[in-house]
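Participant: Would you mind keeping the following structure in view while I ask a few things?
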Amino acid sequence: MTTTLPATAAEPRPTGSRRRLTLSTLRGSTLLLVLAALVVVFSLQSPLFFTYGNFVSILQACVVVGLLALGLTVVVLTGGIDLSFASVMALTSVTAGAINVSLGMPAVVAVIVALVVGAAFGALNGLLVAITRLQPFVVTLGTYSIALSLSLAVSGGGPIQGLSEDFTDLTAFRVAGIPTAVFVLALIVAVLWVATRKTRWGRFVYATGGNESAARLAGVRIKRIKFSAYVLCGLTAAVAGVLNTSTLQVAQPQPGFNLLLTGVAAVVVGGASLTGGVGSIGGTVVGVVLLAVLSNGLNVLTVAPFWQNLVLGVVIIGAVLLNETVRARSAESGS
């Protein structure tokens, strides 16, 4: 198989002077400046914000959204979209809860089945997108509804409580007050960063989203790359479902619209292009943290929830405008 990729589709790398900022570096620096500004503003407005305990709360709030956004980032890099991740998370949550509570099976069995269910839904999305060539938006909107319906059917329409101690213990361990789930998130971030930046599979992911026709001519097996991206998204949704269930000690059958909105927002704010080929795991991590800090800061300042949604909308639009501006100027300068 030929592995030479087109210049426009390959993973972005600096090609000019070392002193010249690349597009991703410039965008990432801007996001970090915005994040730092938010921390300073919220710290000045409330003494409750700049505390160790509050920063741990922010990290914990990053876990579920972060896992969902990481899987979605890989799909977006291929030029696709997955709207089903939130309901897949809910389905894997109630599946694990039902196996643990109703069937009395140990946590390890419940977790394995939940991961299989998440991967299976991702595989379904991947097959429908890659083989039938249906629009990813339409496919995953349909599977969103299917997963939500199955989630309500499995749970009987209500939350599942009474999880065993071995299940709730999965996230009970803490290091310096930081819960286990945060370390799981950090591990998955590291794995996906290496996979997308240092492996041939990662280069093919960027190539598929950057210029699918050229990548196909270069020998990239487009269908396999897309299929693997959707499976990965289903798996990360399942991990989010398991960790969230263990932390809350209850399995919720409905994920809530805000989770879907926040997951997509984190990817967009992190600099990924919904047309594919542009974005990074690191950028998404910054986007997740930025949104978590924003939400936490607004809560600390007791801003009403409906105004928080307005702020979130403004941040999303502002991030897209910022990304497009930086991208346009970078293209003009040839960086």
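Participant: Find how many whole Å separate the alpha carbon centroid of region 258-335 from the alpha carbon centroid of region 84-143.
Facilitator: So the two Cα centres are separated by 26 Å.
Participant: FRET efficiency for Ser57 and Val138, Cβ-Cβ distance as r, R0 = 35 Å, nearest 0.05?
Facilitator: Values: r = 38 Å, r/R0 = 1.08.
Result of the calculation: an efficiency of 0.40.
Participant: With each run of n ≥ 4 DSSP H residues scored as -39500 (n - 2.57), what mean residue ellipticity at 222 nm is computed for the chain after dividing by its residue count and rounding to the nearest 500 deg cm²/dmol? The partial results should precede the final answer.
Facilitator: On the way: 13 runs with 239 residues, N = 335.
That calculation yields -24000 deg cm²/dmol at 222 nm.
Participant: Using the heavy atoms of the protein chains alone and a 1.4 angstrom probe, what is the accessible area of the chain per residue in square angstrom?
Facilitator: On the way: 15570 Å² over 335 residues.
Solvent-accessible surface per residue comes out at 46 Å².
Participant: While we're here: How big is Rg to Rh over region 65-210, alpha-carbon atoms, Rh as the Kirkwood inverse-mean-distance radius?
Facilitator: Numbers: Rg = 16.9 Å, Rh = 16.8 Å.
Result for region 65-210 is an Rg/Rh of 1.01.
Participant: Now for a different question. Taking each pair of distinct Cα atoms in region 280-323 once, what is the resulting Kirkwood hydrodynamic radius in Å? Intermediate results must be reported in sequence, preceding the final value.
Facilitator: Values: mean 1/r = 0.0901 Å⁻¹.
Here the Kirkwood hydrodynamic radius works out to 11.1 Å.
Participant: How large is ³J(HN,Hα) for each residue in region 228-234, as worked out from phi by the Karplus curve 6.51 cos²θ - 1.76 cosθ + 1.60 (θ = phi - 60°), to whole Hz, x for Gly and Pro?
Facilitator: 5, 5, 5, 4, 4, 5, x
Participant: List the chymotrypsin sites (Phe, Trp or Tyr not before Pro) within region 148-203 that fall in a DSSP loop (any state other than H, G, I, E or B) and whose Cβ has at most 14 other Cβ atoms within 10 Å. It would help to have the intermediate numbers written out before the result.
Facilitator: On the way: sites: Phe167, Phe173, Phe183, Trp193, Trp201; in loops: Phe173.
Counting only loop positions with at most 14 other Cβ atoms within 10 Å, the chymotrypsin sites (Phe, Trp or Tyr not before Pro) in region 148-203 are Phe173.
Participant: Distances longer than 36 Å among the Cα atoms of the chain: what percent of all pairs is that? Numbers along the way, then the final one.
Facilitator: Working: 11139 of 55945 pairs.
Value for the chain (Cα pairs over 36 Å): 20 percent.
Participant: On the first, second and third principal axes, largest extent first, how far apart are the outermost C-alpha atoms of region 191-316 in Å?
Facilitator: Largest to smallest, the principal-axis extents are 54, 33, 23 Å.
Participant: Right, here's the next one. When all C-alpha to C-alpha distances in region 250-335 are sorted into bins of 10 Å, what percent of pairs does each bin hold, rounded to whole numbers?
Facilitator: So the P(r) values, bin by bin, are 16, 42, 29, 10, 2, 0.
Participant: Moving on to the next point. On the protein heavy atoms, probe 1.4 angstrom, tell me the percent of accessible surface of the chain carried by carbon and sulfur.
Facilitator: Numbers: 10450 of 15570 Å².
Solvent-exposed carbon and sulfur of the chain make up 67 percent of the total.
Participant: Can you divide the C-alpha Rg of region 86-144 by 2.2 N^0.38 Å and report the result to two decimal places? Display every interim value, and only then the final one.
Facilitator: Numbers: Rg = 13.6 Å, N = 59, 2.2 N^0.38 = 10.4 Å.
Region 86-144 yields a ratio of 1.31.
Participant: Grab the Cα-Cα distance for Ala120 and Ala176, subtract it from 0.36 nm times how many residues apart they are, and report the gain in nm with one decimal.
Facilitator: On the way: separation 56, 0.36 × 56 = 20.16 nm, distance 3.63 nm.
Contour length minus the Cα-Cα distance gives 16.5 nm.
Participant: Protein chains only, probe 1.4 Å: how do Tyr206, Tyr144, Tyr52 rank by accessible area, largest first? Walk me through the numbers before you get to the answer.
Facilitator: Numbers: Tyr206 0, Tyr144 50, Tyr52 135 Å².
Order by accessible area, largest first: Tyr52, Tyr144, Tyr206.
Participant: Could you please put Met89, Met105 in sequence from largest to smallest accessible area, using a 1.4 Å probe?
Facilitator: The residues order as Met105, Met89, largest area first.
The values are calculated or read from the model by the stated rules, or taken from the named source; none is laboratory data. Source: prediction; values computed, not measured. A quick note on method: Cβ atoms are made from the backbone with ideal geometry, for glycine too, and the neighbour counts reach across all protein chains shown. All accessible areas refer to the heavy atoms of the entire protein, side chains included, with ligands and DNA or RNA removed. Shrake-Rupley method; radii C 1.70, N 1.55, O 1.52, S 1.80 Å.
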